[in-house]
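Down below is the structure, laid out as structure tokens.
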Amino acid sequence: MAKGLLALVLHAHLPFVRHPEYEEFLEESWLYEAITETYIPLLRLLERAVQDQIPCRLTLSLSPPLLNMLDDALLQDRYVRRLERLIALAAKETARTRSDLAFYRLAQMYLELFTQARATFVDRYHCNLPQAFRQLQDAGVLEIMSCAATHGYLPLLHVNEKAVRAQVRIGIDEYQRFFMRAPAGIWLPECGYYPGLDEILQAYGIRYFIVDTHAIMYATPRPVYATYAPVYCPSGVAAYGRDADSSKQVWSSHEGYPGDPQYRDFYRDIGYDLDEAYIRPYLPPPGDRVPLGIKYYRITGHTNEKAPYDPQQARERATEHARHFVAERTQHAERFAEKMDRPPLMVAPYDAELFGHWWFEGPWWLESVIRQAAAEPGTLQLITPAEYLQRFPTNQIATPAASSWGAHGYHAVWLSDANRWIYRHLHQAADRMVELAARFPQAEGLQRRALDQAARELLLAQSSDWAFLIEQGTAPQYATARVKQHLSRFTQLYETLCADRLDEAWLSTIASQDNIFPAVDYRVYR
Amino acid sequence: MTKDELTKKTVKELLVIARRKGLRGVSRLRKAQLIATLLAAMSAPLSPHPPQARRRVSVRTSRVAATGSGQQTRKQLLALAKQQGLTGVSRLRKAQLLARLVGAPFSAPPVAPPPLHIPPLPAALPPVAAPHPTTPHITVPATPHPSPVQTHLQEPPSGQQENRVVLLARDPYQLYAYWDLPADQTRIGQSAWEEGQLVVRVITVAAHGAPNGREVITFTLPATATESYISALQPATSYRADICYRSADGRCTVLGRSNIATTPRATLSASTTVQWFTPPGYAPSLPSTTYTHLLPSTLSREPGSWYPGHDVPGLPSLPAPLVLPVPRS
């Protein structure tokens, strides 16, 4: 039997950003970058595991907004166009760098990366990444988790319990639409938990969720096995606590792997480094300098003098870091194994977009961890949370503490000086949505379309991303605009529904823009 | 407020009222114009802006009005805008600049692209290097971008007519409360209302909301306040807040009562009772007598390496910090 069990959990999520009303839109790049740098590398490494018959067990949550964007024909088309522009730029770069071998090889690397991404996306997956993930789940290497409908931060929405129920229920419905089965687990947005939330999850058949370390450490009663085993909430849903050390080694600014000098520097991008006239044709509107994804330097150290990136050395370093990670986890498990009736479980959740986008070598590291664990089955064994409950169904009953994985561990990131104004509007809109669902119990035709759209607008306004971006000061204008736009649209729908003067043309326009959840049913708010 | 009541007020008082209502461009109006504007604003059946939004607009308006920006040159306005941290303003015309300064981002025309911004390069670490694992969403570096989606937005309107008090827990020691009291504001009348005070009374609530709570904090706020943090509370405790109105003659009335909010737990539970559970349909996977508590004696942790409380200045320190030596290879 293995000395320890490791559950690698990736949470893939991006806010719903889709603007058909513009030819191009800067914030849509978030999706395009993540497809090239994270989702395709992740799919390919899992495919290699299937081909090589590696006993890979990875857990991945795919949020409904991300699934809806990946499934959207307009965004798929725009992504391919974007890739084609990058392929042209990379080809131009191979010509420009021909006299300098180190840079020339890197330009070739990017040309190959973009060309392969296009071939994988278009020819191999037929632009349908959700289906590719589904096939890997069916092949047994991947366990896909559900997530709340629009990544709403549930502890701050639950003044109206129906708003929380709708987030959970629609998230599960979307999961079934894409993956043709019921989810075993749910990723709580930002790991945001409050006692009682598990009862709602239980009502929808969810068997587990993941919380931060202190949610389990401060559980009531005290957890016997700390975070090395899940606890059952009184509702019977299992709560897994994040292993603090696994997280720190990947995330920490001081000890984390991604800061290694051999790794690629995220900031040195030709979008900033090269002549504006040269790169202008490749910049999205309004033409400001933005990263283009071609980066030639490694982190090097605390210096402005960056050395050229060496992919071979970086890959070797990623393998070393994977070896270190597996050894540390094994050593850690050994320390506690004798005090437990089963191998200690370490749950290591990360944002999926860390791997490949922020940390370019992340997918190599991940693949190396998977393969090293498989090569030495007596040390560390990969497991998914649902599989764990099959093997070890008996666990302690305890109620986790209210918590999140944000700064300081509670709700302050999403309820700060900068973003607290959102909540009075979100709460009022949720109350009004419940009121509409009660007032129109069986709407049809135009009324039904308006009610379903009102649900979409409310859900989009509730996305935790807006509060986060406003608090972090990253794209705060855009995030603020999105909250206000969805609330304005919701309010207009509410008022025109109540006054029986719906504007069909306007409804069609906003429905074509905010087209998330084609199958949403407003009666979820009853 | 009637026309007669408004007429009795000074221009200064009228300006204060106008700004509280979020009216823009009023600072140079004559008294009669001001009264007419105010009456027009009051005759609207419902406020087009929620109190929160009103307050924010009001602050911006008064900030510019105080500097007399209407008379200032474009250059002076530009300097003011930069001083206030506004970006992408250098190519704006005077009227556009003024609009930005008085806070009209949702009706202003698209702003010209800002000067090119190159982020600092000596970033030795990629941005995953957050001091702790907040979620680093994919973002482009902070390039100011006048996103065109903003140009046709409105503030979310509020049509609420019932009093409402909402209490939310922020962390183990702090709550946030907001309230809307339109019913009583209308009943009492705006001018009389502003002469009084709000009294916020915070009460502990026993489990399941049983009514044996005790009052822990009471404080007063101006009658125009619409929200407040409530600090110095206890973890794992349930609270309720009452918002009362104390009129100028000292009479006090409870206007609204909040939901119950519970602060998160921030310490190990005192309860060490162990109860095992096996879901129906599964064979139990361990004998329920063989276990050892890993907490707290066998686990320890460096202070600050997990987030609750340790690194929040001014908060009570947590008992029994758990220090887990980080294994070194």
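Values quoted throughout were computed directly from the atomic coordinates according to the rules given, and no laboratory measurement underlies them. This is a predicted model, so every value here is computed, not measured. Reconstructed Cβ throughout: ideal geometry from the backbone, glycine too, with neighbour counts over all protein chains shown.
What to note about this one:
- Packing here is the average count of other Cβ atoms within 10 Å per residue, and on that basis the peptides B:186-196, A:42-52, A:203-213, A:170-180, highest first, run A:203-213, A:170-180, A:42-52, B:186-196.
- Counting only DSSP beta bridges with both residues in chain A, the antiparallel share comes to about 20 percent.
- 3J(HN,Hα) along the range A:142-157, derived from phi through the Karplus expression 6.51 cos²θ - 1.76 cosθ + 1.60 where θ = phi - 60°, amounts to 9, 10, 9, 9, 8, 8, 5, 3, 10, 6, x, 7, 4, x, 9, 9 Hz, with x in place of Gly and Pro.
- The lysine pair tally for chain A, using Cα distances under 29 Å and a gap of 8 or more places or different chains, is 9.
- Rounded if a/c under 1.5, otherwise prolate or oblate - chain A, Cα gyration tensor axes: oblate
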